[in-house]
1. Angle between the Cα long axis of helix C:278-293 and the longest principal axis of chain C, 0 to 90 degrees, nearest 10?
2. Restricting to region C:263-372, compute how many DSSP beta bridges are antiparallel as a %, nearest 5.
3. Between the helical axis of C:91-106 and the dominant principal axis of chain C, each derived from Cα atoms, what acute angle in degrees is found, rounded to the nearest 10?
4. Compute, for region C:263-372, the length of the dipole vector about the Cα centre, with Cβ point charges of +1 (Lys, Arg) and -1 (Asp, Glu) only. Units Debye, rounded to 20.
5. Taking the Cβ-Cβ separation of A:ASN111 and C:GLU312 as r and a Förster radius of 60 Å, what is the calculated FRET efficiency to the nearest 0.05?
6. Cα-based Rg of region C:89-145 per 2.2 N^0.38 Å, rounded to two decimals?
7. Note the angle between two axes, namely the Cα long axis of helix C:45-58 and the longest principal axis of the Cα atoms of chain C, as a number of degrees from 0 to 90, rounded to the nearest 10.
8. Which one, C:ILE18, C:SER52, C:PRO359, projects farthest toward the positive side of the charge dipole computed for chain C from Cβ point charges (K/R +1, D/E -1)?
Amino acid sequence: MEKLIFKKPEAMTDAVMHYCAGCGHGIVHRLVAEVIDELGIREKVVAVAPVGCAVIAYDYWNFDVTEAAHGRTPAVATGIKRVLPDKVIFTYQGDGDLAAIGTSEIIHSANRAENITVIFVNNGVYGMTGGQMAPTTTVGQKTATTKAGRNIRRDGFPIKISEMLAVLEGTTYIERTAVSSPKEIIKTKKAIKKAFGIQIKNEGFSMVEILATCPTYWGQSSQDACTRIEKELVKTYPLGVLKG
Amino acid sequence: MARIKIDKEKCKGCMLCVNVCPKGIIAMSVKLNKKGVHTVGLNRAAREKCTGCAFCAIICPDVCIEVYR
Amino acid sequence: MRKAKGRVRRPDGKRILITGNEACGEGAVQAGLRFYAGYPITPQNELTAYMSRRMLDVGGTFIQAESELAAISMVFGATVAGVRAMTSSSSPGISLKQEGISYLAACELPAVIVNIMRGGPGLGNIAPSQSDYFQATKGGGHGDYHMVVLAPASCQEMLDFTRELFDIADRYRGPVMVLGDGILGQMMEPVIVDRRSSIDVRRESQTTNDKRQTTKSWALTGCKGRKPNVIKSLRLKEGELEAFNEKLEKKYDLIRKREIRFEKYRTEGAKIIIVAYGTSSRIGRASVDRLRKYGIKAGLFRPISLWPFPYEALKKLDKGNTKFLTVEMSAGQMLEDVRLAIEDKSRVHFYGRTGGGIPSEEAIVREAISYKL
């Protein structure tokens, strides 16, 4: 008897996502939804969406979602979690939201050991505004605001948020993964599941940094973008468990 | 026998599934969907080879693929 | 429930001597506040300290945030989850909170923001001031929005207005503001703490799972038994934002009809009317008494709701040749609303002090006499 072994998770809606072809966001959205289904927490979840490409994540997720001002995402999650300690609260943030304008909020939420989960999608550019340099843009990478490539003397270095947060006593679990191949995607899902599990067990702050593709603003095909993650990005952002 | 079902109206033709399929059963289609996008489709000659590994569904950013086994 | 440790214990109807900052905090607790996030800044520090103690008492949440931006965003989160939430600051900090206030307005989320004003611009000083009137009443943050702004003039009103503002915030689903100044925040006065108390704090559970939360059907609490709720301010579809702006305007029109508050003092037959709010109105009141003693028919008009501003009530006092003296601890901000009400610039005068200066009774009397004669 034929069985349906892979389908859209219940925690996702039927809406067609607005992301560009090959964008990593869609994969991460689905992984989060699959984990929520598997943990049976769809009716207990409150998500905080970022400002950036993923701002309208609430159109694609079938659970409670709020927006936040740019970068204040973990502060909003803090407010929700403190009021609803038995619910599962997570933020979904891009690199502009989390690693630039929201650095203060992410560091202090982590340092307060807020019992929340952070899904940090690092694709190294500002997608929504037109492919400008992000703090995570790699050295030499060309963007709308680094026409000659990111220059460390002018633009500084790619910021390694996961490594920074891992040294804080307030963090419980931090892992960096990628969504560049089925193998890495399966690892990413495991990491997301672990992160939510940590929150459910009241063990504190958990974050998964996910290297994702932005074929449009990397100027590459979807496949080449995946290859870039595995060949180049991992040199700047090594994959693996940083803490926990 | 395993098989996959592709929701062509959701497909954006990124081709990630084409590249990960170990049996080469997915290919770009000449057909356009309602959005005017060239989607992927099943390579009729090779579809019998599907093992239901679900790699295509796992990497699909638009949740277009269902896998039956 | 833990025992109260502070000077102010349970609201028991006694007159107690507390600062305006503390009275404000107590009013919030009586309104059922269970979530406060703040950041230190003078002259509102007593309020933050008081909340840290009282939230322990009532089993609520107190967070000293990393910034004003984070504090108001935490309040945003708490109100998203459906509980009553408040933050407080003083002028420079309120500038930072404008981002959050605009988002609260855009997401139609109730929250109380307290501004204990100090001198500006910039860091200014820590002396009392009324120079954030424009910021509070004309928008402050970006976009088309308003918030109800009440200006207390005593420690008792700091308590009463704060408590009431929580109801107003819930009624209209939006941010509201207590606009005080450094004098009101830091001076001590006897305050009756249980006046018009509507909520029995002792009976409230330590968790935040009280009625107020469950009655907010829009709140995000997990979508058990209902469709998912979404709270958002991004309205990209064609016409979507304009429709929302129109909805807000309708709400604001309702507020303009219902929530105007003001106070008149000895305005019968007055030839010169001092218009002042908050601390300035107390000095204005004393000045009116002095002027009347000198045989000058003076009166006081005190706007209590600064937004919505009581334009019509003020206009009614204008007999065609009445003179108005606006007194503020600023370079002249409410003055513009007084001019809008009276529509005759030549009869609207101004006396103000800036940079922490406080208008003296003598100076107001002198000004009034010079305009009257």
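1. Relative to chain C, helix C:278-293 is tipped by roughly 30 degrees.
2. Numbers: 3 of 16 bridges.
So the antiparallel bridges amount to about 20 percent of the total.
3. 60
4. Values: 20 positive and 13 negative charges, 92 e Å.
Charge dipole, region C:263-372, about its Cα centre: 440 debye, nearest 20.
5. On the way: r = 52 Å, r/R0 = 0.87.
Given R0 = 60 Å and the Cβ-Cβ separation, E is 0.70.
6. Details: Rg = 11.5 Å, N = 57, 2.2 N^0.38 = 10.2 Å.
Dividing the Cα radius of gyration by 2.2 N^0.38 Å gives 1.12.
7. Value to nearest ten degrees: 40.
8. C:ILE18
Values quoted throughout were computed directly from the atomic coordinates according to the rules given, and no laboratory measurement underlies them. Just so we're clear, the structure is a prediction, and the values are computed from it rather than from any experiment. Ideal geometry is used to build each Cβ from the backbone, glycine not excepted, and the neighbour counts take in all protein chains shown.
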